[in-house]
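Inspection log for the structure reproduced underneath, given as structure tokens.
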Amino acid sequence: MPAKGDTFAEARQRMVQEQIAARGVRDPRVLEAMRSVPRHLFVPDEYREWAYSDGPLPIGVGQTISQPYIVALMTELLEIPPKGARVLEIGTGSGYQTAVLAHLADEVFTIERHAALAAQANARLHRLGLDNVHVRVGDGTLGWPEHAPYDGILVTAAAPEMPPALLEQVRIGGRIVIPIGRRGGQTLECWTRREDDFERQAIIPVAFVPLVGEQGWSAG
Ligand code: SAH
């Protein structure tokens, strides 16, 4: 009988092969990060056996941990530079996406509006030794201007439109990956900052929980 840890490790390798590589994610650094982050430690105990299944899962207060493929795709789209990168994430949630980013960037700044989720994610990330992560409770639609400009900004909740504050906090050549659309369904978009404007690219249809804040949806 393999130990429980081995079972999860096997499931994780299968997840990367069958759900992520098979769907076209190629960046070896992203695949490596997805192979190493223990996703089962980021889901509630009662969902642990589904941690490596091909979908989102509930994490409490009406929020979800995203489907593994979507996490990998969004991370690949960010094109994080191999050295010295600083990344901002809006919507820490479980901290899983944060952990994946922490494998690729030098520093990860992440903002969560629910204090309980932020505290739990922070504890998990530090337990895993990911000390390059900074978690803050607040409204991510305003970004985190103190550490700007970022090489990449990743928004893991659905915005009605691009929050203007984020446009100012990404460096030239950097990217913002964000779901934009209605509350029920959105398009995953990738915005690349040029000298004078942004190149805007539509990727795939997605369904995220709402981005709630001053430059997002109102609560309720
Ligand atoms: N990246 C997360 C996904 C969590 S779901 C993961 O891997 O688990 C999206 C999260 O965004 C939720 O936890 C929600 O509370 C949070 N959120 C929504 N609006 C926000 C805002 N304005 N600022 C910060 N976090 C926000």
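Annotations
- Identity of the residue in the stretch 12-34, assigned to a helix (DSSP H, G or I) and among the charged types (D, E, K, R), that ends up nearest to Asp106 (Cα to Cα): Arg29
- Residue match in the stretch 35-45 (condition: exposed (fewer than 13 other Cβ atoms within 10 Å of the Cβ), of a type outside the set (Val, Ile, Thr) and more than 16 Å from Tyr96 (Cα to Cα)): no
- Residues of the stretch 158-179 classified as open to solvent by 10 Å² or more (accessible area, probe 1.4 Å) and in contact (Cβ under 8 Å) with a residue 60 or more places away in the chain, total: 2
- Considering (1) farther than 24 Å from Gln169 by Cα; (2) within 12 Å of the ligand (Cβ to nearest atom); (3) of a type in the set (Val, Ile, Thr); (4) surrounded by 15 or more Cβ atoms within 10 Å (Cβ to Cβ), the lone condition that Val61 does not fulfil carries the number (4).
- Restricting the stretch 139-153 to residues that are surrounded by fewer than 17 Cβ atoms within 10 Å (Cβ to Cβ) and out of contact with any Gly (no Cβ under 9 Å at 6 or more places or on another chain), the residue that is nearest to Glu168 (Cα to Cα) is Pro145.
- Taken over the stretch 102-126, the criterion of being open to solvent by less than 20 Å² (accessible area, probe 1.4 Å) and either within 22 Å of Ile203 (Cα to Cα) or free of Cβ contacts under 8 Å to residues at least 24 places away in the same chain (or both) is satisfied by Leu104 alone.
- Of everything in the stretch 180-197 that is farther than 21 Å from Leu78 by Cα and either at pLDDT 95 or above or in contact with a Cys (Cβ under 9 Å, 6 or more places away or on another chain) (or both), the residue that is surrounded by the most Cβ atoms within 10 Å (Cβ to Cβ) is Gly185.
- Leu142 being near the ligand (Cβ under 10 Å from one of its atoms) and over 20 Å from Thr75 (Cβ atoms): yes
- Test set (1) open to solvent by 40 Å² or more (accessible area, probe 1.4 Å); (2) touching a helix residue (DSSP H, G or I) at 6+ places or on another chain (Cβ under 7 Å); (3) within 10 Å of the ligand (Cβ to nearest atom) - Val71 fails condition number: (1)
- Exclusive hit being more than 12 Å from the ligand (Cβ to nearest atom), touching a helix residue (DSSP H, G or I) at 6+ places or on another chain (Cβ under 7 Å), modelled with pLDDT of 95 or more and in a strand (DSSP E or B), set Arg171, Arg175, Arg200: Arg175
- Some residue of the stretch 86-101 being charged (D, E, K, R), more than 8 Å from the ligand (Cβ to nearest atom) and buried (at least 17 other Cβ atoms within 10 Å of the Cβ): yes
- Filtering the stretch 36-55 to residues that are farther than 19 Å from Ala116 by Cβ, touching a Lys or Arg at 6+ places or on another chain (Cβ under 9 Å) and not in a loop (DSSP other than H, G, I, E, B) leaves Ser36, Arg39, His40.
- Pairs with Cβ under 6 Å, 6+ apart, first in the stretch 199-220 and open to solvent by 80 Å² or more (accessible area, probe 1.4 Å), second of a type in the set (Phe, Trp, Tyr): Arg200/Trp191
The values are calculated or read from the model by the stated rules, or taken from the named source; none is laboratory data. Note that the structure is a prediction, hence the values are computed from the model and not measured. Methodologically, a virtual Cβ is constructed for each residue, glycine included, from the backbone with ideal geometry; neighbour enumeration extends over all protein chains shown. SASA here: full protein model, heavy atoms, side chains in, ligands and nucleic acids out. Shrake-Rupley method; radii C 1.70, N 1.55, O 1.52, S 1.80 Å.
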